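What follows is a short report on a single structure.
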């Protein structure tokens, strides 16, 4: 005989965790904003070496932001998929009861 046990509700990513993840990503993107003004100022002052350095920093930050976005998206999608799978298992067990 198949034994079933009561299962707890599926684990969900709390809204606060999603909000925290979003805030981290927004902070990373905001950190990129000031580069443009500094690059323009360095070029206006004729300091093209500093402008090139700032462009490289901006490029690296953009690469990190893209990777962070990819990882966060994967993490959130994985959480949602786990919740769906757990929900489907609960429906399957309760349907035969």
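The values are calculated or read from the model by the stated rules, or taken from the named source; none is laboratory data. Bear in mind that the values here come from a model prediction, so they are computed numbers and not experimental data. FYI the Cβ positions are ideal-geometry reconstructions off the backbone, even for glycines, and counts take in every protein chain you see.
The table for this structure:
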| quantity | calculated |
| --- | --- |
| Lone qualifier among 56, 49, 67, 41 - being under 20 Å from residue 22 (Cβ atoms) and either surrounded by 13 or more Cβ atoms within 10 Å (Cβ to Cβ) or without any contact (Cβ under 8 Å) to a residue 40 or more places away in the chain (or both) | 67 |
| Which numbered condition residue 8 fails, given (1) assigned to a helix (DSSP H, G or I); (2) modelled with pLDDT under 90; (3) surrounded by fewer than 12 Cβ atoms within 10 Å (Cβ to Cβ) | (1) |
